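The values are calculated or read from the model by the stated rules, or taken from the named source; none is laboratory data. Everything numeric in this text was worked out from a predicted model, so none of it was measured. Reconstructed Cβ throughout: ideal geometry from the backbone, glycine too, with neighbour counts over all protein chains shown.
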Amino acid sequence: MSKVILVAATSIDNKITCGSNGDSFSWTSPEDQKYFTQLIKDSDLVIMGRKTYQINSSKMDLTRGPLRLVLTKNPKKYSHLNIPGHLEFTSLTPPEISSKYFSKYNQILILGGSQIYSLFLKDNLIDEIYLTIEPVIFGNGKNLLNRLKIDQSFRLVDFKQLNRHGTLLLKYQVIQKNSL
Ligand SMILES: NC(=O)c1ccc[n+]([C@@H]2O[C@H](COP(=O)([O-])OP(=O)(O)OC[C@H]3O[C@@H](n4cnc5c(N)ncnc54)[C@H](OP(=O)(O)O)[C@@H]3O)[C@@H](O)[C@H]2O)c1
């Protein structure tokens with residue numbers, strides 16, 4: 001049975017980017033980066049938006065590991081980058097992605113950014129949230145979610161302090177899926 005996990009790292013003030021700097025590895029802790037790298041290795045399907053892909057593509061080993069599915073409204077523009085089994089670009093909607101892919105994979109990560117997190121939450125497709133909160137405040141930057149109206153409840157099932165600075169890893173499970 002597949003499990004769909006939204007994975008994000010935020011500042012205390014709920015930002016997933018530090019201002020206009022989209023490189024999360026510039027502010028997340030080494031402990032979070034280690035956990036995140038292992039999580040990717042342990043997953044079968046990783047879904048992200050085109051912007052997240054473009055900012056992070058140089059860090060991805062696309063010769064092995066999970067299938068990376070990149071959402072774009074213009075998949076043809078990126079089709080030359082397709083690597084069968086490792087990298088695909090798609091304009092399918094989250095429900096269409098769920099029908100086509102989810103039953104074939106065990107652990108599925110929704111990697112962001114804000115637009116993609118919001119789309120999958122809005123369509124009630126998230127089972128768990130793994131949220132790292134780094135002890136930093138940015139003021140400016142992208143919020144975890146954009147302004148779609150979403151109403152869902154989760155319960156905390158695990159938490160861990162990853163280092164002495166107080167980086168927290170929180171794990172939540174969905175308890176009801178009432179998207180408005
Ligand atoms: N801290 C963290 O945990 C974390 C995690 C992930 C990302 N980030 C950061 O967040 C930033 C990106 O977030 P973002 O919200 O701006 O962008 P994003 O969600 O990564 O990607 C947005 C793109 O996804 C495509 N898209 C959106 N809705 C779609 C739909 N309904 N159908 C098909 N394609 C669709 C569009 O691509 P096209 O324009 O090509 O059509 C859109 O421009 C980056 O800086 C990234 O590094 C941080």
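Contact map, region 122-136: residues that are over 18 Å from residue 4 (Cβ atoms) and surrounded by fewer than 17 Cβ atoms within 10 Å (Cβ to Cβ) paired with residues that are aliphatic (A, V, I, L, M) and at pLDDT 95 or above, Cβ distance under 9 Å, separation 6+ or inter-chain. Pairs shown: 135/12; 135/168; 136/12.
Scan region 22-49 and report the pairs whose first residue is within 23 Å of residue 93 (Cα to Cα) and whose second residue is within 9 Å of the ligand (Cβ to nearest atom) and of a type in the set (S, T, N, Q), with Cβ atoms within less than 6 Å and a gap of 6+ or a chain change. Within 6 Å, the pairs are 49/115. Could you grab the pairs with beta carbons closer than 7 Å, sequence gap of 6+ or different chains, first residue in region 78-91 and away from the ligand (no atom under 16 Å from the Cβ), second one part of a strand (DSSP E or B)? So the pair list comes out as 85/67; 86/67; 86/68.
Does residue 169 fit the bill of being more than 14 Å from the chain's Cα centre (by Cα) and in a strand (DSSP E or B)? Yes. Could you check region 64-110 and list, in sequence order, the residues that are in contact with a strand residue (DSSP E or B) (Cβ under 8 Å, 6 or more places away or on another chain), hydroxyl-bearing (Ser, Thr, Tyr) and farther than 17 Å from residue 3 by Cα? If the condition is that a residue be in contact with a strand residue (DSSP E or B) (Cβ under 8 Å, 6 or more places away or on another chain), hydroxyl-bearing (Ser, Thr, Tyr) and farther than 17 Å from residue 3 by Cα, then 72, 78, 79, 90, 91 are the ones that fit. Filtering region 9-48 to residues that are within 8 Å of the ligand (Cβ to nearest atom) and under 12 Å from residue 109 (Cα atoms) leaves only 48. Scanning for something within 15 Å of the chain's Cα centre (by Cα), closer than 24 Å to residue 167 by Cβ and assigned to a helix (DSSP H, G or I), does region 102-115 turn up at least one residue? Yes, some residue in region 102-115 is within 15 Å of the chain's Cα centre (by Cα), closer than 24 Å to residue 167 by Cβ and assigned to a helix (DSSP H, G or I).
Within the group 147, 164, which residue is loosely packed, with under 13 Cβ neighbours inside 10 Å, of a type in the set (Lys, Arg) and within 12 Å of the ligand (Cβ to nearest atom)?
Details: 164 fails: within 12 Å of the ligand (Cβ to nearest atom).
Just one listed residue meets the conditions, 147.
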